Amino acid sequence: MKQLITKIEQAIPALKKYENFIHKWQKAVNLVSKKDIEFLWERHILDSAQVYFYLPVNAKILIDFGSGGGFPALVIAILNKYLKGSLTDIYLIESDIKKCVFLQEVARELNLSVHIVNDRIEKVKDIKADIITARGFASVKDILTYSIPFLQKNTEFLLLKGIQAKQELKNTGFSFNKKLINSCLSGNGYIVYLSEVKKNA
């Protein structure tokens, strides 16, 4: 964890502002579970931050499924800004309008260049992703199914998953190259990296 904090040092003031926004909005909009709010920095913000360092080199377009309170996409957007990353378009897809209002407010206050899409994923069209992210959204099988309209030849996935990750990678109906990266924060957590994703015939 210390190594991660060192890597993101330049972005910490902005991440702390984001953390404060969550505390401020939590009563009006359920952004994180009640049991997690006191562990917000480590369990949500740092957990999301580690994903940034596995982004494909020169990735331009990131789509985040079910963004909720902004994990991991807003954290990635903050790091992309302060660490001068390669991403040019970051799409946060979220069906809950209250959460979208929160995401827009954070993006405005922190001057983040992101696209907040208030819609169900299956209704979103005409975007092709270099990278797709998701955290606490759906099973790997469902994420891959939702991803079909967004796929291009080199689309890759970075999915934050818990202890069930290995099981979820079975019988998805898709072929892919996979790598399970141990979370630097949780012994039971993984970053699931997928590439060369294709739906089975």
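Among the residues of the stretch 131-170, count how many are open to solvent by less than 20 Å² (accessible area, probe 1.4 Å) and touching a Pro at 6+ places or on another chain (Cβ under 7 Å).
3
Would you mention how many residues in the stretch 48-86 are outside any helix (DSSP H, G or I) and not small (Gly, Ala, Ser)?
Matching residues across the stretch 48-86 total 16.
Could you list all residues from the stretch 1-20 that are surrounded by 19 or more Cβ atoms within 10 Å (Cβ to Cβ) and either aromatic (Phe, Trp, Tyr) or over 12 Å from residue 75 (Cβ atoms) (or both)?
18
Which strands (runs of 3 or more DSSP E) sit wholly inside the stretch 87-201 and have at least 1 residues that are free of Cβ contacts under 8 Å to residues at least 60 places away in the same chain, farther than 24 Å from residue 18 by Cβ and over 14 Å from the mean Cα position of the chain (by Cα)?
174-182, 190-199
Sort through 46, 112, 92, 31 and tell me the only one that's among the aliphatic types (A, V, I, L, M) and under 27 Å from residue 197 (Cβ atoms).
Being among the aliphatic types (A, V, I, L, M) and under 27 Å from residue 197 (Cβ atoms) holds for just one of 46, 112, 92, 31, which is 92.
Could you please find all residues in the stretch 172-197 being modelled with pLDDT of 95 or more and over 21 Å from residue 57 (Cα atoms)?
Correct list: 172, 173, 174, 175.
The values are calculated or read from the model by the stated rules, or taken from the named source; none is laboratory data. Just so you know, these numbers come straight off a predicted model, no measurement behind them. Backbone-built Cβ (ideal geometry, glycine too); neighbour counts: all protein chains shown. The protein model used for the area step is the full one, side chains on, heavy atoms only, and it has no ligands, DNA or RNA in it. Shrake-Rupley method; radii C 1.70, N 1.55, O 1.52, S 1.80 Å.
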